[in-house]
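A short worksheet on the structure shown next.
The values are calculated or read from the model by the stated rules, or taken from the named source; none is laboratory data. Because the structure is a prediction, the values reported are computed rather than measured. Methodologically, a virtual Cβ is constructed for each residue, glycine included, from the backbone with ideal geometry; neighbour enumeration extends over all protein chains shown.
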Amino acid sequence: MTIKLINIIILIIFPFLFVGLINKVKAFWAGRKGASILQPFYDFVRLVKKGIIVNKATSIIFQIAPAVTFASILFAGLLVPIINFKSIISFDGNFILFAYILGLGKFFSLIGAMDTGSSFEGMGASREASFSTIVEPAFFILLASVVALTGNYTFESFSAVLQRAGAYGVLIIILAVIAIFIMLLVEGCRVPIDDPNTHLELTMIHEVMVLDNSGIDLGLILYGSAMKMLIFASLIANILIPSNLSILTSLLIYSGIILLIVVIIGTIESSVARLRMSHVFEFIFVMSSLALVVLALVATKLYGN
Amino acid sequence: MNYFLAGIILIFLGGLISLAFNENYKAKIISIFSFLGTVFLSIPAINILFTGKIIEKVFYLPEPIGEIPVVIDSLSAFFILVISFMSLLGIIYSQGYIKPYLAKNKNISSHFLFLSVLICSMLGVVTVQNIIFFLIVWEIMSLSSFFLVIFEDNKKEVLSAGINYLIYMHISVIFIILGFILLYIKSGSLEFNSFKAILESNKVFADTIFVILFTGFAIKAGFVPFHNWLPKAHPAAPSHVSGIMSGVMIKTGIYGILRILSLMAVPSIAISYFVLIISVISALYGVLYALAQHDLKKLLAYHSIENIGIIGIGIGIGMLGLSYHNTLIALLGFSGGILHILNHSIFKELLFLASGAVYKQTHTKDIEKLGGLIKTMPATAILFLIGSVAISGLPPFNGFISEFLIYMGLLKGFVIKDVNALIILVLSIASLAMVGTMALLCFTKAFSIVFLGMPRSIDAESVEHDVSKIMIFPMGILAFLTLLIGLFPQFALNFVLNPANILIKNNLIVNNLLSISLMRIISACCFLFLAIVAAILFIRNLSTKNKKSEVKNAWGCGYKNLNNRMQYSASSYVSPFLSMLKPLFIKHFDIKKPKELFPKEAHFKLNIQDIEEFYILNPTIKANKIFLSKFQWIQGGNTQRYILYGLIFLVLALIGAVLL
């Protein structure tokens, strides 16, 4: 029970810190002092306090879409293990529900963007939807391979990889971490797929989808995408944290890994330019290849001589 | 059984009696009769579906026809329910849809008669268990649906689509007849039940028969590469007919496959993989081409191919479970596949009916010309949205439930200790995931281009109001059902457990506790999710209540006068994805570029042709034409010559009779 409570608190609070820290890291590399790490939270509060501007062309869809998307991300967070391998809701095949509930959120964020009738938002929606068609199968290949290896049908199956596969396990874990990190970059719309700070609508992906949102809607969207990144970061953390630790140690290790991921994301964003749009697909295919290599490793481990 | 007979007769009578009435009342008469018929049909069907017992009766008719054995088991009962209920909703909807045609179209009388004949013949297909009568009702079904497709026979493309459909159906029936003849020769009987012994004893023979019959039924169901009739016939037919055809009729092909399976003892491993792989290909192919379509009904027709593929994946994994003697896998696969039959018939009919409503108000099926309809047709828009979310397989709607069961079947399949199984299963899972996200891409496109944004043409702009209540009502029921099954999957599962047991055969060992408990958790999760959505919407409304909200133009990158022609189009929406898969499409561009200093007109249109049609079908037809033209001299148009042919045939027949 305590673990579940701690998980929920982490799920709600950490997204603000996550983005705040990324910005801090970027400020460090740029030689600036940077805003407080609580700035995303202040922004959220400011947005909630504001009124909203509604586009003339829009309908009810535009108004409910951000809330549905945020709800889906929050719910997906309940299905992911955060500390101590315990998802708040854990059952066989929960990663299927996880992917599909995020899909529902994506569905609404896409139609919310298309509702404005602006070609910029159509462009963003089109790109975001296209990218996820490649990410999702790779995610399922990865998860299914690990399930085949461990015989555990939940996210917690990662914890058994090492003891099942030995040396292969180390390799599988490394590849899985990289694959999910790429997924984090795609779903969270970070460099090199997308630049959250860009100011040219033609090259944006996620940011351009939310051009017309304002007030609490925009707040929910920003909070939601931060939470989404935290969810994937938690997945990575759970692949790495050894099992059977006390709550406090695993909380510490968890925070450490999240901090490391934040530093890596911030460093990438300070040192690499975003990819050309036509190369993004190729970058995402790296994730598919990694997932296929994991499949090959599992097959070799289980059936190779 | 008497109830069943009464139900069929009532539906048929509805068609007959409607002939006598004035055009304005025909649809009403047939609705009333088929409502009564559905009530009568569902009494025995529900009883059999939940108890799992089998009712048999032999009807005696005067001599040339003879005995008609009718068997209703829970598999038949499941299909009876789906057929009668979905057809009823389609007929109710037709009352409103058919109105604009009343004055103009001369086919109204025959249309309703054939509609009732189609429903009766489908009911016959799923209950008659005798080769000859099966083929008779099967043929009546194909023919009556052909006449329904060519309702608007003054249009050239409708007629050619209809004939294309007719040809496909007859190629299908050739395979079915071939399979049945082989079964008859081996077993010496016309009854389905008597095939069991021969199919169980001779494995190779059973496999051959299965492949032949599967091919025949696959043409009806629309598996790739036999799918080409679907995207042609569905757009040509009136919407309620497309709904019934796609929602119900193509499922009779699936019924045929399941019926053969129920007669076979254990399918061989190779056959199971064959079904699984062809289904995965169908699912991917269907959704891929659906993405590229701009004709709303054509898009939905390609999605039928996709969903038939998903059903097939369920059946394939069920067969795999049977051939490896693992009842858990078999149960998950079959129950997922059969539940998806129900689910698909619900949301596909909903989408076809909604697209019919759009067509009725705007007179165009080209989605590039639509837009902003949510403001003038709010009910249709919301119903279409529900259908779209459901068909994309997203929770909390019904599509997710059956796909989840199929995923679980595939995952549990890992207990088969075989490296090929591992690779095929993982790739199937990945394909299913890809199909899901592509369906999402496709339906965000369809929904947002048709209903959201601003109207893209005068057709869409001139819509004044939503369709009549009689058209909204059946769609509302369908939308309600999608949500109901999505929220209470543990009860929906009861509908498919007995039919699945018929396929697994030994219902003692089957343990359905796992799937039921999983369904309970999913149900709880869906409710929790809806509660979270409601809470967040509530908070949002609370916080925006007392603040001023402004209405402004969309952000146009500094440009002030955005208009409806600057919106993103359906082609551009899917362009990044399609350009990634360039080699899989044959693209036909129709471009007129703007010229001169002050360009007057310009246009761009992209048509995407089916790769199977381009590389396989068209060359085959061309070669066939050249080959057959060699025999044109036979048809001289001279009566004496034809009499001579007759004479020659008689002489040859006589000689043959003497020699044998």
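Does the stretch B:610-627 contain at least one residue that is out of contact with any Leu (no Cβ under 6 Å at 6 or more places or on another chain), within 14 Å of chain A (Cβ to nearest Cβ) and surrounded by 11 or more Cβ atoms within 10 Å (Cβ to Cβ)?
Checked against the condition, which is being out of contact with any Leu (no Cβ under 6 Å at 6 or more places or on another chain), within 14 Å of chain A (Cβ to nearest Cβ) and surrounded by 11 or more Cβ atoms within 10 Å (Cβ to Cβ), the stretch B:610-627 yields no hits at all.
Every residue, every condition in (1) without any contact (Cβ under 8 Å) to a residue 24 or more places away in the chain; (2) crowded, with 20+ Cβ neighbours inside 10 Å; (3) under 21 Å from B:Phe180 (Cβ atoms), yes or no:
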residue: B:Ile131; (1), (2), (3): no, yes, yes
residue: B:Leu135; (1), (2), (3): no, no, yes
residue: B:Glu139; (1), (2), (3): no, no, yes
residue: B:Leu143; (1), (2), (3): yes, no, yes
residue: B:Phe146; (1), (2), (3): yes, no, no
residue: B:Val149; (1), (2), (3): no, yes, no
residue: B:Asn154; (1), (2), (3): yes, no, no
residue: B:Glu157; (1), (2), (3): no, no, no
residue: B:Tyr168; (1), (2), (3): no, yes, yes
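Within the stretch A:262-273, is even one residue over 24 Å from A:Thr203 (Cβ atoms) and either more than 16 Å from the chain's Cα centre (by Cα) or assigned to a helix (DSSP H, G or I) (or both)?
Yes; the residues of the stretch A:262-273 include at least one that is over 24 Å from A:Thr203 (Cβ atoms) and either more than 16 Å from the chain's Cα centre (by Cα) or assigned to a helix (DSSP H, G or I) (or both).
Among the numbered criteria (1) of a type in the set (Val, Ile, Thr); (2) facing chain B (nearest Cβ under 8 Å); (3) more than 21 Å from the chain's Cα centre (by Cα), which one does A:Val170 miss?
(2)
Please indicate, with yes or no, whether at least one residue in the stretch A:122-130 is closer than 17 Å to A:Val177 by Cα, at the interface with another protein chain (Cβ under 7 Å from one of its Cβ atoms), free of Cβ contacts under 8 Å to residues at least 40 places away in the same chain and part of a helix (DSSP H, G or I).
No: the stretch A:122-130 contains no residue that is closer than 17 Å to A:Val177 by Cα, at the interface with another protein chain (Cβ under 7 Å from one of its Cβ atoms), free of Cβ contacts under 8 Å to residues at least 40 places away in the same chain and part of a helix (DSSP H, G or I).
What tally of residues in the stretch A:180-210 results from selecting those that are acidic (Asp, Glu), assigned to a helix (DSSP H, G or I) and out of contact with any Ser or Thr (no Cβ under 8 Å at 6 or more places or on another chain)?
Result for the stretch A:180-210: 1.
Since B:Ile423 meets every condition but one in (1) more than 18 Å from B:Leu299 (Cβ to Cβ); (2) facing chain A (nearest Cβ under 10 Å); (3) buried (at least 23 other Cβ atoms within 10 Å of the Cβ); (4) of a type outside the set (Asp, Glu), which condition does it not meet?
Just one mismatch for B:Ile423, condition (3).
With (1) assigned to a helix (DSSP H, G or I); (2) free of Cβ contacts under 8 Å to residues at least 24 places away in the same chain as the list, and A:Asn244 as the residue in question, which single condition is left unmet?
Condition not satisfied by A:Asn244: (1).
Return the residue satisfying two criteria in turn: it lies in the stretch B:363-377 and is more than 25 Å from the chain's Cα centre (by Cα) and assigned to a helix (DSSP H, G or I), and of such residues it is nearest to the other protein chains (Cβ to nearest Cβ).
B:Ile374
Condition check ((1) facing another protein chain (nearest Cβ under 7 Å); (2) modelled with pLDDT of 90 or more; (3) surrounded by fewer than 24 Cβ atoms within 10 Å (Cβ to Cβ)) across all residues:
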residue: A:Ser36; (1), (2), (3): no, yes, yes
residue: A:Gln39; (1), (2), (3): no, yes, yes
residue: A:Val45; (1), (2), (3): no, yes, yes
residue: A:Val54; (1), (2), (3): yes, no, yes
residue: A:Ile64; (1), (2), (3): yes, yes, yes
residue: A:Ser118; (1), (2), (3): yes, no, no
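Would you mention how many residues in the stretch B:87-113 are under 14 Å from B:Ile30 (Cα atoms) and over 19 Å from the mean Cα position of the chain (by Cα)? Write out each step before concluding.
The first filter runs over the stretch B:87-113 and keeps only residues under 14 Å from B:Ile30 (Cα atoms), leaving B:87-96, B:98, B:108-113.
So of that shortlist, the ones also over 19 Å from the mean Cα position of the chain (by Cα) come out as B:92, B:95-96, B:98, B:108-113.
Adding up the residues that qualify gives 10.
What's the number of the condition B:Gly336 fails, among (1) farther than 21 Å from B:Leu261 by Cα; (2) touching a residue at least 12 places away in the same chain (Cβ under 8 Å)?
Against the list (1) farther than 21 Å from B:Leu261 by Cα; (2) touching a residue at least 12 places away in the same chain (Cβ under 8 Å), B:Gly336 comes up short only on (1).
Whether any residue in the stretch A:153-160 is under 30 Å from A:Glu207 (Cβ atoms) and out of contact with any Lys or Arg (no Cβ under 6 Å at 6 or more places or on another chain) is what I want to check.
Looking for residues that are under 30 Å from A:Glu207 (Cβ atoms) and out of contact with any Lys or Arg (no Cβ under 6 Å at 6 or more places or on another chain), one finds at least one in the stretch A:153-160, hence yes.
Table: residues versus (1) more than 12 Å from every other protein chain (Cβ to nearest Cβ); (2) crowded, with 20+ Cβ neighbours inside 10 Å; (3) of a type in the set (Ser, Thr, Tyr); (4) within 25 Å of the chain's Cα centre (by Cα).
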{"position": "B:Pro396", "(1), (2), (3), (4)": "no, yes, no, yes"}
{"position": "B:Leu405", "(1), (2), (3), (4)": "no, yes, no, yes"}
{"position": "B:Val419", "(1), (2), (3), (4)": "no, no, no, no"}
{"position": "B:Ser428", "(1), (2), (3), (4)": "no, yes, yes, yes"}
{"position": "B:Met438", "(1), (2), (3), (4)": "no, yes, no, yes"}
{"position": "B:Asp466", "(1), (2), (3), (4)": "yes, no, no, no"}
{"position": "B:Ile477", "(1), (2), (3), (4)": "yes, no, no, yes"}
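Evaluate the following for B:Lys587: is it within 25 Å of B:Thr444 (Cβ to Cβ), more than 9 Å from every other protein chain (Cβ to nearest Cβ) and among the basic types (Lys, Arg)? Don't jump to the end; show me each part of the working.
Working: within 25 Å of B:Thr444 (Cβ to Cβ): yes; more than 9 Å from every other protein chain (Cβ to nearest Cβ): yes; among the basic types (Lys, Arg): yes.
In short, yes.
Which residue pairs have Cβ atoms closer than 7 Å, lie 6 or more positions apart in sequence or on different chains, and pair a first residue in the stretch B:259-276 that is farther than 10 Å from B:Lys505 by Cα with a second residue that is modelled with pLDDT of 90 or more and charged (D, E, K, R)?
Taking only residues 6 or more apart or on different chains, the pairs are B:Ser268/B:Asp207; B:Ile271/B:Asp207.
Quick one: would you say B:Ala446 is within 20 Å of the chain's Cα centre (by Cα), more than 8 Å from every other protein chain (Cβ to nearest Cβ), assigned to a helix (DSSP H, G or I) and touching a residue at least 24 places away in the same chain (Cβ under 8 Å)?
So B:Ala446 fits the description; yes.
Counting only residues that are facing chain A (nearest Cβ under 7 Å) and of a type in the set (D, E, K, R), which one in the stretch B:534-583 is nearest to the chain's Cα centre (by Cα)?
If we take residues in the stretch B:534-583 being facing chain A (nearest Cβ under 7 Å) and of a type in the set (D, E, K, R), then B:Arg540 is nearest to the chain's Cα centre (by Cα).
Do you know which residues across the stretch A:90-107 are more than 18 Å from B:Leu411 (Cβ to Cβ) and either more than 9 Å from chain B (Cβ to nearest Cβ) or more than 17 Å from the chain's Cα centre (by Cα) (or both)?
A:Leu102, A:Gly105
May I ask you to verify whether B:Ala292 is surrounded by 24 or more Cβ atoms within 10 Å (Cβ to Cβ) and not polar (S, T, N, Q)?
yes
Residue by residue through the stretch B:236-271, note down the ones that are outside any helix (DSSP H, G or I) and small (Gly, Ala, Ser).
If the condition is that a residue be outside any helix (DSSP H, G or I) and small (Gly, Ala, Ser), then B:Ala237, B:Ala265, B:Ser268 are the ones that fit.
Please enumerate the residues belonging to the stretch A:138-167 that are within 14 Å of A:Ile180 (Cβ to Cβ) and either of a type in the set (A, V, I, L, M) or facing chain B (nearest Cβ under 10 Å) (or both). Outline the logic, then answer.
Just the residues of the stretch A:138-167 that are within 14 Å of A:Ile180 (Cβ to Cβ), to begin with: A:138-143, A:145-146, A:155, A:157-158, A:161.
A:Ala138, A:Phe139, A:Phe140, A:Ile141, A:Leu142, A:Leu143, A:Ser145, A:Val146, A:Val161, listed by residue number.
Taking the condition of being within 13 Å of chain B (Cβ to nearest Cβ) and out of contact with any Phe, Trp or Tyr (no Cβ under 7 Å at 6 or more places or on another chain), how many residues in the stretch A:269-288 meet it?
So the answer is 10.
Taking only pairs six or more apart or across chains, which ones have beta-carbon atoms under 8 Å, a first residue in the stretch A:1-22 that is of a type in the set (Lys, Arg), and a second residue that is surrounded by fewer than 21 Cβ atoms within 10 Å (Cβ to Cβ)?
Sorted first by the residue in the stretch A:1-22, then by its partner, the pairs are A:Lys4/A:Lys86; A:Lys4/A:Ile88.
So which of B:Ile516, B:Ile502 ends up being β-branched (Val, Ile, Thr), under 30 Å from B:Ser272 (Cα atoms) and within 14 Å of chain A (Cβ to nearest Cβ)?
Sole residue among the options that is β-branched (Val, Ile, Thr), under 30 Å from B:Ser272 (Cα atoms) and within 14 Å of chain A (Cβ to nearest Cβ): B:Ile516.
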